[in-house]
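The structure appears below as structure tokens.
The values are calculated or read from the model by the stated rules, or taken from the named source; none is laboratory data. In this text, all values refer to a predicted model and were calculated from it rather than measured experimentally. A quick note on method: Cβ atoms are made from the backbone with ideal geometry, for glycine too, and the neighbour counts reach across all protein chains shown. Just so you know, the surface numbers come from the protein's heavy atoms only, side chains and all, with ligands and any DNA or RNA stripped out. Shrake-Rupley method; radii C 1.70, N 1.55, O 1.52, S 1.80 Å.
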Amino acid sequence: MATLSHGSKLVVDLALPKTVSHVHAAAAAVAAAAGLTLRNTPTTRCESDFVGYLSTTEASDAYAKHKVKQYVIQQKSWTSMFDPKVLLILLVRSSAIHFLPVMEQYAKDVEKLGETDDGVEEYDVFPPIPDLKPASRKTVLSMVRDLVVMTTRRVLERLSEIYLPRRWTWKLMKNIQDSAVRKYHRGVLGLALCTKMVQTSLVGHAITVLSEFTVAESIILGKLLSDRNENKKAWKTARRDMFFTTLRCSFSLCGAGLGAGIGSAIKPGIGTFLGLNGGDIAASIFVLSMYKRWNEAQHNEQ
């Protein structure tokens with residue numbers, strides 16, 4: 001029978017034991033199941049974990065036999081944001097956010113122009129087509145900002161890998177689309193899959209939203225500090241923009257999570273991808289429309 005000797009360490013997560021004796025009892029059960037003999041080795045670890053000292057061969061055999069979960073972190077490269085698929089997603093997202101409000105306003109103008117007193121719609125003269133140059137310029141600037149956001153995300157990922165526990169980092173950097181497919185193959189279906197994917201997406205998409213929030217708040221502070229004519233109105237505008245940025249990022253995270261859950265319940269994989277990005281875009285458009293209406297109301301009051 002093999003003996004537990006000093007060497008590489010095997011960490012066995014236990015179900016929150018209350019005392020050190022419970023830790024040793026549970027560890028002895030695991031060692032007996034693995035065909036190993038536990039040695040009275042003192043430990044100063046936390047009571048919720050037990051560290052057994054195994055040789056290299058014994059550790060690998062125990063991992064293989066009991067299938068202890070290993071958190072493999074797949075770090076993406078710094079140039080991954082220039083992938084054609086990623087650029088296409090950024091283009092569609094930015095175009096939808098900036099062009100849809102313009103077309104919506106144009107549709108409202110057409111509808112108002114066609115209304116008559118007797119309720120019959122007549123379109124003798126259509127309103128002029130809105131100028132799309134500002135929306136195009138905003139789309140390009142938004143794509144550039146999104147590239148900066150993705151670079152910021154790579155920085156946050158590397159910082160989390162250094163300072164956070166490995167399990168947390170793995171959850172933050174998990175591929176949400178692949179996770180939905182894995183859950184589906186394990187037999188998780190319907191409402192259960194939707195609920196689990198909402199939870200997974202809220203965590204896995206958090207680092208993306210945090211990156212966007214960091215860049216947006218930095219831009220607002222940069223504009224405020226670069227303004228030489230600082231006054232109360234500028235500070236008020238900055239506070240308002242910060243509030244709506246926080247609101248937009250919060251809605252974006254919630255929308256992405258709900259969209260990923262619904263999409264996964266319909267079609268795990270491609271449905272997860274479409275639901276995640278669609279919910280993100282829909283939530284951003286909703287908050288931006290609220291922001292525009294609030295600005296118009298404030299302007300009318302003045």
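The length gained on full extension between K232 and K112, counted as 0.36 nm times the residue separation minus their Cα-Cα distance, comes to 39.4 nm. Modelled spin labels at A297 and A192, positioned 7 Å past Cα toward Cβ, are 4.5 nm from each other. Take the Cβ atoms of K76 and F243, set R0 to 25 Å, and the FRET efficiency comes out at 0.20.
Sites listed here are trypsin sites (Lys or Arg not before Pro) in segment 213-302 whose DSSP assignment is loop and whose Cβ has at most 15 other Cβ atoms within 10 Å: R228. Residue-wise HN-Hα couplings along segment 130-142, as the Karplus relation 6.51 cos²θ - 1.76 cosθ + 1.60 with θ = phi - 60° gives them from phi, are x, 6, 9, 5, x, 5, 5, 5, 5, 5, 5, 5, 5 Hz; Gly and Pro carry x. The figure for F244 is an accessible area of roughly 30 square angstrom, using a 1.4 Å probe on the protein chains alone. The accessible surface of segment 159-234, taken with every protein chain in place and a 1.4 Å probe, is 60 percent carbon and sulfur. Accessible surface area normalised per residue over segment 150-302 is 59 Å², counting heavy atoms of protein chains with a 1.4 Å rolling probe. For the residue pairs K76/K174; K108/K236; K85/K196; K183/K267; K133/K232, the alpha carbons lie more than 23 Å apart in K108/K236; K85/K196; K133/K232. DSSP loop trypsin sites (Lys or Arg not before Pro) in segment 157-194 with at most 13 other Cβ atoms within 10 Å of their Cβ, which ones? The qualifying sites are R186.
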